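Here is the structure we will look at, set down as C-alpha cells.
The values are calculated or read from the model by the stated rules, or taken from the named source; none is laboratory data. Note that the structure is predicted; figures quoted are calculated from it, not measured. Every residue, glycine as well, gets a Cβ built from its backbone with ideal geometry; the counts of neighbours run over all protein chains shown.
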Amino acid sequence: MTNFKKILLILFILSTSLISFTFIISLAKVPIRQSYIDFVNNFINKDDQVLDHYSDTQKIIINNQLYSFQLHKKSLQEFTNYNHYNASRLPAGYLEKFGENFIFVSGDGKIVLFDKNLTLIKEIKSNLTKVMLEQKSPKGWYSLRDITRDSENKKIFYISFYKRCDENKWKMSFLKTEVKNFDVDFIDFVDLDPFGNEQCISNPNSTHSGGRIINFDKDNLLVTVGDWLMKLAQDDNSIYGKIIEVKKTGENYKIFSKGHRNPQGLTMLNKELIFSSEHGHVGGDELNKIIKDNNYGWPIVSYSTLGQDPRLEPQLKTHNSDKTHDDLGFEEPLIALTPAIGPSEVMLYSGDYFSLWKNKIIMSSLKAQSLFIITLNESFNKINHIEKIHIASRIRDFIVTEEGMYLVLEGRYQNQKDTPNLGKITIE
Ligand SMILES: [Ca+2]
C-alpha cells in the first residue's frame, strides 16, 4: 500500500469514527424524537445532487468506500401508460420472480415477462387491464398495488388492488391467477374479494393505499392497508390503517396489527421477524418491527411535522406531536425519518450476493430516490447504523436474487423527464 493510500485509509477510518461517535452522542443527549430528526437531517440531504446526470444513461456506476455497483436501466415506457403515470399517482408497476425470469405488472395492469438480463421475453395478455379500467380510479389512486407469488405453488400469483363498490366507493381486494407456463397467451384473474361491502369507503381523498402483499404461511397472506386519511387506523371493525392476515382462498381475514398510516413495504423472514415501512405526514416516515396485535399509534401519535402543513385535514391536527409512542402506550418505530423519504418496499436480506447486506434491512424510497441499508442490533429491535445509497430515481419496488437486485424505477420526483425503467444492480 502506498503512503498516499495509507493516509486516505486513516482519514476514512477517522471520519467514519467521528460520524458514528457524533451520532451516538446525539442519541444519548437529546430526547428521542429530536434525535431522529437531527440524525436524519445529517445524512439525508448531503448527496442528493451528486448523481443528477444519470437519468439518460443506460449504465450507471455507483462507487463509495464499500461498494462498486453497476446499475443497468431498461425503459418501460412501452409497457406503462406514461402520460397517465406522469399526470397522476399511478405507480409504474411491481416485480415478481417467475421461474428464472421476472414478471413486471404495470400500475394499469399490463404484464411483461423479462429475463435476468432485463431482456424482454414477451407481453402476456390478461383480463387485468380491463379489470383495472373498470375500477375507474380517479388520479390512479385506487389502482394496482402489488404482486406476489404463492410460497407453495409458485405458478399462482396474487395482486392487490382497489375495487370499485359503487359510483364513489372503493375497497381493497385481491386478484388471483395461475400461470401454467411461459408459453401461455392469456391469463384470467379471479377476484377473491375477501373484504365485505361494509369495508367500502366513500371518496377517499388521498394516496394512502398501502397494498403490499407477502406470504404469511402456506394458507395466509399478509397485506398492508393504508388509512386513506379516514381516521380508521384505531377502529377494530375497519381494515384501513392495518396490516391484515387474509386467507389465500379469500374466505376470511383478521387484523394483524393496527395504528398504521400508509404502510407501503412489508418483509418477513419468520413470524418473529416482520418489518414494515410507513409514510408519515410531512416527515415521520417509519420503519416498524411488526408484532402481532401491537398498535403503532397513528393517528394518535406520530413523529411527523403535522401542524406545519396547511393542507392537513383538520381532524388529524389533534394528534400528539409532542409525545412519544412509548409515552402513550404504542409501539415505537425503529426509526422515524424527517424530512420524508417516501419509503416503498423493504426486505430483510438473507441472501449471499450482496454479502455486506446480509441480515440487514434494505428499504427503498420514492421521494429520496435512494436505497437505505439498515443495520439492526442482534435482537433486531434497535437500529445500529443506516447507509443511504442514492439511485436518482423513485424506487417503487425491488427484489434481490443471487444475480443482483432488480428494481422498478419511476421518473424523477419533481422534474419527471425520466421514463419508468426496470433496473438491475450488480457488483462490479
Ligand atoms: Ca407509528
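Overview of values
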read-out: Residue under evaluation CYS165, criteria (1) more than 23 Å from the chain's Cα centre (by Cα); (2) of a type outside the set (A, V, I, L, M); (3) part of a strand (DSSP E or B); (4) within 28 Å of SER75 (Cβ to Cβ), criterion not met; value: (4)
read-out: Test: residue in region 332-343 that is modelled with pLDDT of 95 or more and part of a strand (DSSP E or B); value: yes
read-out: Whichever residue in region 277-303 is of a type in the set (Gly, Ala, Ser) and more than 10 Å from the ligand (Cβ to nearest atom) and, among such residues, is surrounded by the fewest Cβ atoms within 10 Å (Cβ to Cβ); value: GLY283
read-out: Test: residue in region 226-239 that is at negative phi, in a loop (DSSP other than H, G, I, E, B) and within 11 Å of the ligand (Cβ to nearest atom); value: yes
read-out: Restricting region 114-136 to residues that are under 16 Å from ASP188 (Cα atoms) and among the hydrophobic types (A, V, I, L, M, F, W, C), the residue that is surrounded by the fewest Cβ atoms within 10 Å (Cβ to Cβ); value: LEU133
read-out: Failed condition for LYS169, given (1) free of Cβ contacts under 8 Å to residues at least 60 places away in the same chain; (2) surrounded by fewer than 18 Cβ atoms within 10 Å (Cβ to Cβ); (3) farther than 17 Å from VAL225 by Cα; value: (3)
read-out: Qualifying residues in region 289-320 (those that are modelled with pLDDT under 70 and among the hydrophobic types (A, V, I, L, M, F, W, C)) - the one nearest to MET230 (Cα to Cα); value: LEU316
read-out: Single match in SER88, SER106 (criterion: under 22 Å from the mean Cα position of the chain (by Cα), modelled with pLDDT of 85 or more and of a type in the set (Ser, Thr, Tyr)); value: SER106
read-out: Answer residue from region 244-261, given it is charged (D, E, K, R) and in contact (Cβ under 8 Å) with a residue 24 or more places away in the chain and is nearest to the ligand (Cβ to nearest atom) among those; value: ARG261
read-out: Residue list for region 168-201, restricted to those being of a type in the set (Phe, Trp, Tyr), within 13 Å of VAL223 (Cβ to Cβ) and in a loop (DSSP other than H, G, I, E, B); value: PHE195
read-out: Contacts under 7 angstrom Cβ, first residue in region 184-196 being at positive phi, partner part of a loop (DSSP other than H, G, I, E, B), 6 or more apart; value: ASP193/GLY250
read-out: Qualifying residue in region 351-359 (condition: within 16 Å of the ligand (Cβ to nearest atom) and without any contact (Cβ under 8 Å) to a residue 60 or more places away in the chain); value: no
